[in-house]
1. Kindly provide the Kirkwood hydrodynamic radius of segment 358-432 in Å, to one decimal, from all pairs of distinct alpha carbon atoms.
2. Determine the percent antiparallel among the DSSP beta bridges restricted to segment 336-554, to the nearest 5.
3. Can you compute the radius of gyration and Dmax for segment 336-554, using only the Cα atoms, both in Å?
4. Could you give the size of the charge dipole of the chain about its Cα centre, using +1 on the Cβ of each K and R and -1 on the Cβ of each D and E, expressed in debye and rounded to the nearest 20?
5. Restricting the count to DSSP beta bridges whose residues both fall in the chain, what percent are antiparallel, rounded to a multiple of 5?
6. When all alpha-carbon pairs of segment 179-218 are counted, what percent fall beyond 16 Å?
7. What trypsin sites (Lys or Arg not before Pro) does segment 1-40 have in DSSP loop regions with at most 15 other beta carbons within 10 Å?
8. Can you list the HN-Hα couplings for segment 358-373, worked out from phi with the Karplus curve (6.51, -1.76, 1.60; θ = phi - 60°), rounded to whole Hz and with x for Gly and Pro?
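Quick note: the coordinates plus some simple rules give every number you see, no bench work behind them. Note that the structure is predicted; figures quoted are calculated from it, not measured. Virtual Cβ from ideal backbone geometry, glycine too; neighbours counted across all protein chains shown.
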Amino acid sequence: MKNKYIKIYNVYRRYVKNHSKIILLMVSILTILTIATMYQPIIMAKLIDNIIGSKWQRVKVILIKFIIIYAIISILTNATEYVKKILVNKVTLNLRKDISSSILDLEVKEFESISKGEFITIMNNDIESISTFLIEKSVVILDLIEFIILGLVLFLLNYKLAIIILLNFPISLVVFKIFGEKLAYYDKEYKEIQDEYNNFNQECISGFNIINILQAQNTIKYKFNCIINKQYINSKKINKVNVKSNLLGELINGILYTILILVACYEIYNGRLTIGIFIAFNSYASTFSNSLFNITSINKDLQQITVSINRIEKIISDKANKSKCLDDEYPIFKHEILFKNVSFAYSREMPKILNNISFRLKNRCINGIIGENGIGKTTILKLLMKLYSDYEGEILFDNIELKKISKSKLYKKITYIPQDTFLFTATIKENLTLGNLKCDEKSIIHVCESLNIHNFIDELDKGYDTLIGTKGIQLSGGQKQKLTVARGLLRKSEVFLFDEITSSADSNSEENIIEVMKTLIKMNKTVIIVSHKEKILENCDNIIRLNNCLLKSKGVV
C-alpha cells in the first residue's frame, strides 16, 4: 500500500509539480468558488423566509445578491474547468513525450516483451487516466477543507440533522473500499483485453495480403469476435460492480435522507427550524456529500490508477542505470572483429542458437556468413548491432569488448540492410538524411551517383523531394536497399551488414547487390553479408560457414 502511494507521488512530482503557477491559479479560483458556493444557500434561506414573511422590500435586495452570486459561481465553474483542461493537456503531453522517448530507448528484449497493442493502450487510455486523476485529485485538499467547514456549518444550523448526514461518511468508506478493489481487478483485465484487441488489429492490417491469399477471413473474423466478446463480458462485469456500488450507495442515501426529512419536519413543527434554514441546510448537505464523495472515492480511484502507473513504469527507462561505455571519441574497428567462444540464447527457456563459436571478420573486405536456416546467421548480425548484449564469451572490435562500446558510437560505424528494407513515409531526401541533418545536397548527389541511383531519382518530377511510402511512390526492393546503403555512406559508416538480401532476388538484382558491395570495398568499407547464394559467396574474400561446428571455407578464420 505504502509503495503504491510513493509511486503516485513520484509521478505527481515529475509531471504536475512543475506547473505550480497554473495549479496556484486553479486553487485560487476554486477557493473563491467554494466561498461563493457556501454563501449561496444563506441568501436562498433569507430569500425564502422573507417571501414567507411577505417582506418584499428585502426580497428585492436579496434577489439581486442571489443573481450576482449565481453569475460569479457560473463564471468561476467554467474558469476552473478551463484551467483543469489546460493542466490535463500539459501533463498528458509530457507523459506522451517521455513514454515515446523511453520506448525508443528500450532494449530489444524489453521492447519484444511488450505487445504493440499494449503500447497503444498505454499511449492513449493509461496516460489520459493518469493525467485526469493527478489534476482532479491535486485539489482534494480543498474538498477536505470544504468538508470540515461545511460539517461545522451543518452542526451550527442543526446538530441533529448534521449527525444523520455524518453517518454517511464511514458507510461510504466501506462501500468504496469493497467495490474499489473489485473494479481495480476488472480494470486490469480490461486493459489486457484492450491490448489484445489493439495488437490483433495491428496484425490484421500488417497481414492483410496474407489473410486474403490464404483465404483465412473466416478464421480471423472468429478470433476477432472472440476478443470482442471478451471485451463485452468484461464491460458487463465492470457495469455490474458499478451498478451494485451505486445502488447500495443510493439505498443508504435514501434511507438517511428519509430519516433527515422526518427529523426536519419534527424540528420545523416544534419551531426549532425554519423552512428557509432547512433549504439552506439541504443545499449545504448536498455540497457536503459531494466533498465526501470526492474524498471517499479516492481509494477506488487509487486502485484503478495504480494499474495504469504500473504499466507505464515498465516503459519509462532509468537512463542512470545504463551501463557505462567507452568515450565516443575512442576509435574502433581498424583491423578486425573477433568472436571468441560466443554462446547465445534468446531466452532462458530456449536452447542456445550460438554455442561456443569463434571466428574473425576482416576489415575492408567482403565477409560472407553462410549456413542452414535457423543456424544463427542473422543472430550474429543482431549481436554485432548490440541489439542483444547478454551473450557469453567475447565480441571484440580491435580488442575492445562490444559491451563497452556505446550504441551511439557503434551505430555511427554500422549500417544494417535487411531483406525487407524499411523506409519512412517521407521524401527521399528526408530518408537519406535521417539522423544526419547536416548533410548537404552535393554529398547526397555524390553518394547516390556512386551507387547508380541518382539518375533514377533525378528523373522523378520532384527529384530528391519525391514522397515515398504509403502515400508516395512505391520503390522496388533493390532501390530501397540502395537508398539504405546511401544513407549509411552519408553517415560515414565503416561496416555494412547485409541480411539475406539476396534470398528472393533475381539474377539482375544479384548483380546490382554485388556491384554495390564492390563499390563499398573501393571506398575502403567493410561488408558482412549473410547469404546462401553461391554467386554472392564467389565474391567474398572471407567466408564463415556455420554448421554444427564452425568450419573454414575461404579466407582467414
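1. After inverting the mean inverse Cα-Cα distance, the result is 14.7 Å.
2. Restricted to segment 336-554, the bridges split so that about 50 percent are antiparallel.
3. For segment 336-554, the Cα-based Rg and Dmax read 17.8, 54 Å.
4. Dipole about the Cα centre, nearest 20: 1420 debye.
5. Antiparallel bridges: around 50 percent, rounded to the nearest 5.
6. Here the long-distance tail beyond 16 Å is 53 percent of all Cα pairs in segment 179-218.
7. none
8. 9, 6, 10, 10, 8, 7, 6, 8, 8, 9, x, 10, 10, x, 5, 4
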